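Enquirer: Before I ask anything, let me first share the structure, which is written out below as structure tokens.
The values are calculated or read from the model by the stated rules, or taken from the named source; none is laboratory data. Only a predicted model underlies this, so the values are computations on that prediction, with no experimental measurement involved. Cβ sites come from the backbone with ideal geometry, for glycine too, and all protein chains shown count toward neighbours.
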């Protein structure tokens with residue numbers, strides 16, 4: 001996996017890497033639903049309805065929805081506003097949420113912002129804009145990587161965005177180890193011995 005950024009934090013080496021095998025963020029039980037009708041692609045989580053049946057469903061449930069557009073040219077990308085190319089793009093479905101689901105969710109103020117943000121995450125998934133991190137213990141003397149500590153994957157969005165994978169990695173890095181009095185005394189004794197050896201060589 002390609003490393004896009006390396007830095008040290010609390011004496012540990014952190015590597016930010018592309019996640020080459022992320023999971024589809026549109027989970028079956030997710031608050032936001034995606035329904036699609038496309039001959040080649042179907043990464044939605046709401047299935048079994050024809051366009052006509054879905055229209056009836058939206059009327060009965062009062063679904064809040066936005067159109068889902070797809071652009072297929074040297075890769076696939078999606079949004080809720082459409083693309084300028086009339087040949088390789090078009091509406092392929094809907095992204096929606098029901099009022100009942102919103103009532104059960106704390107902190108959701110604008111359902112349309114929720115829908116747009118979820119489609120952005122879906123687009124990050126389709127375009128490979130997903131990252132993870134690996135943490136290694138670093139040698140205090142030479143800076144070499146000594147031991148693999150932890151890793152985590154599935155962070156969608158730009159790796160340097162606020163509250164993204166870099167901030168998550170920093171939170172996952174262990175706190176700096178505090179030197180015990182015994183190890184401090186031993187280090188001081190070794191330093192004194194080294195200084196004496198150096199003075200003898202004069």
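Enquirer: Among the residues that make up segment 142-150, is at least one of them over 16 Å from residue 7 (Cα atoms) and either surrounded by 14 or more Cβ atoms within 10 Å (Cβ to Cβ) or modelled with pLDDT of 90 or more (or both)?
Expert: no
Enquirer: Can you name the residue in segment 2-19 that is in a loop (DSSP other than H, G, I, E, B) and touching a residue at least 40 places away in the same chain (Cβ under 8 Å) and is also surrounded by the most Cβ atoms within 10 Å (Cβ to Cβ) among such residues?
Expert: 19
Enquirer: Give all pairs with beta carbons closer than 7 Å in which a residue from segment 42-63 that is on the phi > 0 side of the Ramachandran plot and in contact (Cβ under 8 Å) with a residue 24 or more places away in the chain meets a residue that is in a helix (DSSP H, G or I) and surrounded by fewer than 13 Cβ atoms within 10 Å (Cβ to Cβ); count only pairs at least 6 apart in sequence or on separate chains.
Expert: So the pair list comes out as 62/99.
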